[in-house]
Amino acid sequence: MSEKIEEQVKKIDISVVIPVYGCRAAIPELHRRLCESLEKISKAFEIILVDDYCPQNSWEEIQKVCEKDKRVIGIHMARNFGQIRAITAGLDKSRGDWVVVMDCDLQDRPETIPELYQKAQEGYDVVFARREGRKDSAITKFLSKCFYKVYDYFTDGTFDSSICNFSISKRKVIDYYCRMREQNRAYTMFIRWLGFKQTAIDMPADERFEGKSSYNLKRKLKMAFEIITSQSNKPLLFSVKLGFVSAFLALIYIIYLVFREIILGDVLVGWTSIVASIYLMGGIILCAIGVVGIYVGNIFNEAKNRPLYVIDECLNAKEK
């Protein structure tokens, strides 16, 4: 009888995984609202806060929360590994039958979790939150839409730019995700790639509790190149097509010059067209080599087979 009770205690119905970076002040409020929302679903839940080496020393706040509430698991990374790898660290530790992934800045409302859970009970394996009225600048929204248009082209898919990491997934989906150990990772896109029965619900977006996004333009472009080149070989084919088009245009121009010499006998002689052609072809060649270089770099990173993350300290963690 005691073994049965112990097994029930160990069983977790729902896990919430949250990467923490740059929003120390939000942690107490985040914890309070999460507990209120999760208790509407089940008493058997866990909250996993992953400190991605936050410069504000969010680990101190996480330690305080872990000390007061043993349902909270604190993970302190050895250095900053990035949001997606922090999410992966939390998912690897999660034990729930259902797993929620969300941000720490309270733009994702904890009160939406019961709605995600109820929708999942209709037979879905994954339910995403679709942000309405996102509180971002016009430039950020424009760049986001442009990226997903490019991403759709290179991956032959369709992706809704308003869908974010905030989601709930069945245990089997998370287990398959955790088995994928690629260095270049994108949580939402990997989950979409896995398949299963998926849907999305609309969710109003709140203001960020404090601070601003750490993803500047440079980091976003870097992430975009990594995501596209890790999931599609279309950029290589695109560079080949571009080379063929350039060669074809050059051939047409040569034929034009030959006919002009034969018929009119006044082919213009000068270095301008030659230099322009060299720069054009040189640029195309460099672009093609650069694209190949990105793929070689991806292969190099994968071949090293380094761990995705390194954990410095873990609080309240239990064996899966």
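Some points to look at:
- Every residue from region 289-317 that is touching a strand residue (DSSP E or B) at 6+ places or on another chain (Cβ under 8 Å), assigned to a loop (DSSP other than H, G, I, E, B) and either within 19 Å of Glu67 (Cα to Cα) or without any contact (Cβ under 8 Å) to a residue 24 or more places away in the chain (or both): Asn316, Ala317
- Matching residues, region 275-291, being at pLDDT below 75 and open to solvent by less than 100 Å² (accessible area, probe 1.4 Å): Val275, Ala276, Ser277, Met281, Gly282, Gly283, Ile284, Cys287, Ala288, Gly290, Val291
- Whether a residue is at pLDDT 65 or above and either open to solvent by 40 Å² or more (accessible area, probe 1.4 Å) or part of a helix (DSSP H, G or I) (or both) was assessed, and Ile75 does not pass this test.
- Test: residue in region 46-63 that is touching a Lys or Arg at 6+ places or on another chain (Cβ under 9 Å), open to solvent by less than 70 Å² (accessible area, probe 1.4 Å), of a type in the set (A, V, I, L, M, F, W, C) and within 18 Å of Tyr117 (Cβ to Cβ): yes
- Residue that is over 22 Å from the mean Cα position of the chain (by Cα) and either at negative phi or part of a strand (DSSP E or B) (or both), where the choices are Leu34, Leu116, Leu49: Leu34
- Residue match in region 108-120 (condition: basic (Lys, Arg), more than 24 Å from Ala86 (Cα to Cα) and modelled with pLDDT under 80): no
- Flag not set for Arg181, criterion: open to solvent by 20 Å² or more (accessible area, probe 1.4 Å), at pLDDT 85 or above and touching a strand residue (DSSP E or B) at 6+ places or on another chain (Cβ under 9 Å).
- Residue check for Phe159: open to solvent by less than 30 Å² (accessible area, probe 1.4 Å), at pLDDT below 65, in contact with a helix residue (DSSP H, G or I) (Cβ under 6 Å, 6 or more places away or on another chain) and not polar (S, T, N, Q): yes
- Residue among Lys145, Lys70, Lys149, Lys172 that alone is open to solvent by 30 Å² or more (accessible area, probe 1.4 Å), part of a helix (DSSP H, G or I) and at pLDDT 85 or above: Lys172
- Region 103-123: number of residues that are acidic (Asp, Glu) and open to solvent by 70 Å² or more (accessible area, probe 1.4 Å): 3
- Just one of the numbered conditions (1) at pLDDT 80 or above; (2) assigned to a helix (DSSP H, G or I) is not true of Cys104: (2).
- Selection count where residues are at pLDDT 90 or above and among the basic types (Lys, Arg), scope region 19-37: 2
The values are calculated or read from the model by the stated rules, or taken from the named source; none is laboratory data. Everything quoted here is computed from the prediction, not taken from an experiment. Because the Cβ atoms are built from the backbone with ideal geometry, glycine has one as well, and the counts that use them run over all protein chains shown. Note: areas computed on protein heavy atoms with side chains; ligands, DNA, RNA excluded. Shrake-Rupley method; radii C 1.70, N 1.55, O 1.52, S 1.80 Å.
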